[in-house]
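What follows is a single structure, written as structure tokens, with notes after it.
Bear in mind these aren't lab numbers, they're just calculated from the coordinates by the rules spelled out. Quantities reported herein were computed from a predicted structural model and do not represent experimental measurements. Note that each Cβ is placed from the backbone with ideal geometry, even for glycine, and that neighbours are counted across all protein chains shown.
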């Protein structure tokens, strides 16, 4: 790796990814959210004086995409002239630049795209996949599929997609529960378990149960040998999750909706989960994620990062305990490359950095851009 370099240009892009089918989970069926028809992405591309380039992204579902782009645009000029290897120092500088809007939610999610980009760039300068730069425990990670199990899909379609996913080398299946009619949940769970045999199976209630319902449903699910029950309660109910974790045999997983390391620390301190599910773009990027999972490992927690498999595959490969990574094919049109699944595992790519290149389709879906510094034609 060259001894030193400086950032020459930063380009931010807001990209709207349309979903092929509107997605409904329990939050929609309980009237709390509308069906999801698109995902907003914030991409960051950085080039350096020595000709290196990096790419990173964060995202928002249903709301917050324009706010992420606006905040990143405010602080991004501070990157020009910085050494891209000094990631913690640069990250801290950007945090202080936006101190008036706090260190959670949109503020840190906007920085996440920049932080991920800096890590991608650092790994590329070293000529290593990101996992190898961080230091992996494994070259592949157990993977499960979620994108075929939403409540809007007929159960016959869910079962068919689950079988196809397993045939394609994915190791487990997660389906959505939390339907207002508890009988529907039980019928769908029974059908999927029958369709996939003894393959690993998870369920996600999307925060839609109260404490009593979560306990009752958790006990009814016991015979289905679930890997975990995800978000049975409100994401911020650490005490309730802790009580369910103590009283149920099936492990509890949660954390994906939390938007800072501090919020996850509360979960960890309360022993509110057996499996923690941080999302690097939501908690502020890879820098924050690595701080968080050090605490999770010390607490003896398993790891299953949420969404963004292109980032989380590298981070999960670097976790001491055997993790899971979530397989979503939604993001495939954004990138030229595809991640490989085989024998129930997702393979860490041997390409430098994250191993992703933005596609022409990604460029076509761009609705706003901002560039700072002088950008040359560098492939990132």
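Quick check: anything in region 282-299 part of a loop (DSSP other than H, G, I, E, B) and under 18 Å from the mean Cα position of the chain (by Cα)?
Yes, region 282-299 contains a residue that is part of a loop (DSSP other than H, G, I, E, B) and under 18 Å from the mean Cα position of the chain (by Cα).
This table checks each residue for (1) out of contact with any strand residue (DSSP E or B) (no Cβ under 9 Å at 6 or more places or on another chain); (2) assigned to a helix (DSSP H, G or I).
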{"residue": "235", "(1), (2)": "no, no"}
{"residue": "246", "(1), (2)": "yes, yes"}
{"residue": "258", "(1), (2)": "yes, no"}
{"residue": "262", "(1), (2)": "yes, yes"}
{"residue": "267", "(1), (2)": "no, yes"}
{"residue": "272", "(1), (2)": "no, no"}
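Out of everything in region 121-172 that is touching a helix residue (DSSP H, G or I) at 6+ places or on another chain (Cβ under 8 Å) and assigned to a strand (DSSP E or B), what residue ends up being nearest to residue 322 (Cα to Cα)?
Looking at the filtered set, the residue picked out is 141.
Applying the selection to region 336-357, what residues are crowded, with 17+ Cβ neighbours inside 10 Å and touching a helix residue (DSSP H, G or I) at 6+ places or on another chain (Cβ under 7 Å)?
If the condition is that a residue be crowded, with 17+ Cβ neighbours inside 10 Å and touching a helix residue (DSSP H, G or I) at 6+ places or on another chain (Cβ under 7 Å), then 339, 346, 348, 352, 353, 354, 356 are the ones that fit.
Scan (1) surrounded by fewer than 21 Cβ atoms within 10 Å (Cβ to Cβ); (2) in a helix (DSSP H, G or I) for the single condition residue 109 breaks and write down its number.
Answer for residue 109: the failing condition is (1).
For residue 10, which of the numbered conditions (1) closer than 30 Å to residue 207 by Cβ; (2) crowded, with 23+ Cβ neighbours inside 10 Å fails to hold?
(1)
When you scan region 319-333, how many residues do you find that are in contact (Cβ under 8 Å) with a residue 60 or more places away in the chain and either buried (at least 22 other Cβ atoms within 10 Å of the Cβ) or under 17 Å from residue 171 (Cβ atoms) (or both)? Let's see the steps before the verdict.
Within region 319-333, the first condition is being in contact (Cβ under 8 Å) with a residue 60 or more places away in the chain, and the residues that meet it are 319-320, 322-331, 333.
Filter again for either buried (at least 22 other Cβ atoms within 10 Å of the Cβ) or under 17 Å from residue 171 (Cβ atoms) (or both), leaving 319, 322-329.
Count: 9.
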